[in-house]
Each structure stands twice: as structure tokens, then as C-alpha cells.
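Okay, structure first, notes after.
The numbers here are math on the coordinates, done by the rules we state, and not lab data. Here the structure is a predicted model, which is why all the values come from computation and not from measurement. Cβ placement follows ideal geometry from the backbone for every residue including glycine, while neighbour counts extend to all protein chains displayed.
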Amino acid sequence: MITIRFATIDDADAVFAALEGIAETVKERHKLKSSPDDIRQFGFGAHPAFETLVAEVDGHFAGCCIFFPSFSTWIGRPGVYVQDFYVAETFRGQGVGERMLRRVAAIVRARGGCYMRLAVDTGNHRAQAFYARIGVKHSETEQIHAAYGDDFDRLADADPAQETRL
């Protein structure tokens, strides 16, 4: 039996273990800098930066989906960005992943949203095929650009007004 529920702070260690699983799958473990405490603070603190769904099969952790709100000014509607998505190897092929993404889509639609975005590692062909099969298609018109670490710091330091609004 597959159960999908919102994560609680008690799930932080399992969610972090899932992040480790993703990092190992894409052979990027060295890039994972977060900790279970970061998950607790930023996922379940006073101002959560993200939400998480947890999938369980017969009471056992089977995976999770970390997501947060997004907004399309072109569409004029909210949506969601799926940051991390993981199904434990033992439970793959049993519909766990599809059920989680369908639940996220239903939650977002109930909140007035109309789209889902996510990124997938370029070498993760299995995930790409899964997403395509359920209707989450590769965008031919968009390319993600990012600033991390020193690049981000240089960008933030370049603000001539040095104004920070919280």
C-alpha cells in the first residue's frame, strides 16, 4: 500500500538520506553541502522555504518530493518547481514516483496553479524517460542558468545601493 503525505520535521533525516541517494545516483555526492539540520531549519522552521511530500510503502520510507511555489508572469498564474525528487531503488517501478508527482500537481492546481517545472541531470536518462512518460516534457525553449558560490557572492556584492529587504 502506497501512502503519500506531507513531511514533518521528524522526516528530516529520511529526506536528507534521499538527497544523499540522489547525489550518489548522479555521482555528485561531493556537491551535497546541506545537512539534516538545514532541512529542519529551512523546511520546517518559522518560514519554510519548501514543502515535502513523503511516500511510504507499507509504512516504509519509499521516497520524497521537495517543491516550492513559482509564478509565471507570462502565464499569469502560479505553479511549482520540483527541486528534488527521489524514489528508493527498492520501490522503483511500483508507481510511487508517478503518484507523488500527481499529488504535487493536484495540490498546486487546488492552490490555483497550472504548471510544474523541474530540472533533471543531463546524464540521468532513466529519470528523463520517466518524466516524458508521465507528461513532464523537456523544454526546447528554456535553458537553466545559475549562480552559485563565489559567482553568487560576486553578484550579490555588485549591488551599488547595498539595500537588502527582508
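Quick notes
- Maximal additional length on extending the residue 153-residue 29 stretch stands at 42.3 nm, based on 0.36 nm per residue less the C-alpha distance.
- Taking only Cα atoms of the chain, radius of gyration then Dmax in Å: 16.9, 56
- The percentage of C-alpha pairs in segment 1-89 whose separation is greater than 23 Å is 27%.
- Alpha-carbon centroid distance for the pair segment 1-73 / segment 105-137, whole angstrom: 16
- Calculated FRET value between residue 138 and residue 8, using beta carbons and R₀ = 35 Å, to 0.05: 0.55
- Placing dummy labels 7 Å off each Cα toward the beta-carbon, the span from residue 114 to residue 81 is 2.1 nm.
- Surrounding net charge for residue 86, when Lys and Arg each add one and Asp and Glu each subtract one, Cβ distance under 12 Å: -3
- Protection proxy ranking, peptides 94-103, 147-156, 120-129, 8-17, average beta carbon neighbours within 10 Å, highest first: 94-103, 8-17, 120-129, 147-156
- Computed from backbone phi, the HN-Hα couplings of segment 99-110 come to 5, 5, 5, 5, 5, 4, 4, 5, 4, 5, 4, 5 Hz, rounded to whole numbers (Karplus: 6.51 cos²θ - 1.76 cosθ + 1.60, θ = phi - 60°; Gly and Pro given as x).
- Around the amide H of residue 7, modelled in the peptide plane, lie the amide H atoms of 52, 53, 54, all under 5 Å away and 5 or more residues distant in sequence or on another chain.
- When each of the peptides 130-139, 34-43 is scored by how many other beta carbons lie within 10 Å of its residues on average, the order from highest to lowest is 34-43, 130-139.
- Distance between modelled label sites at residue 125 and residue 98, nm, 7 Å Cα→Cβ extension: 2.2
- Computed [θ] at 222 nm, helices only, for the chain once each DSSP H run of length n ≥ 4 contributes -39500 (n - 2.57): -10500 deg cm²/dmol
- Amide proton proximity set for residue 77, modelled H, under 5 Å, gap of 5+: 72
- Protection proxy ranking of 52-58, 75-81, by the mean of other Cβ atoms within 10 Å over each peptide's residues and highest first, is 52-58, 75-81.
- Once the Cα gyration tensor of segment 41-92 is diagonalised, semi-axes √(5λ) in Å: 26, 15, 8
- Computed over the chain, relative contact order equals 18 percent, with contacts defined as Cα pairs under 8 Å that lie 6+ residues apart.
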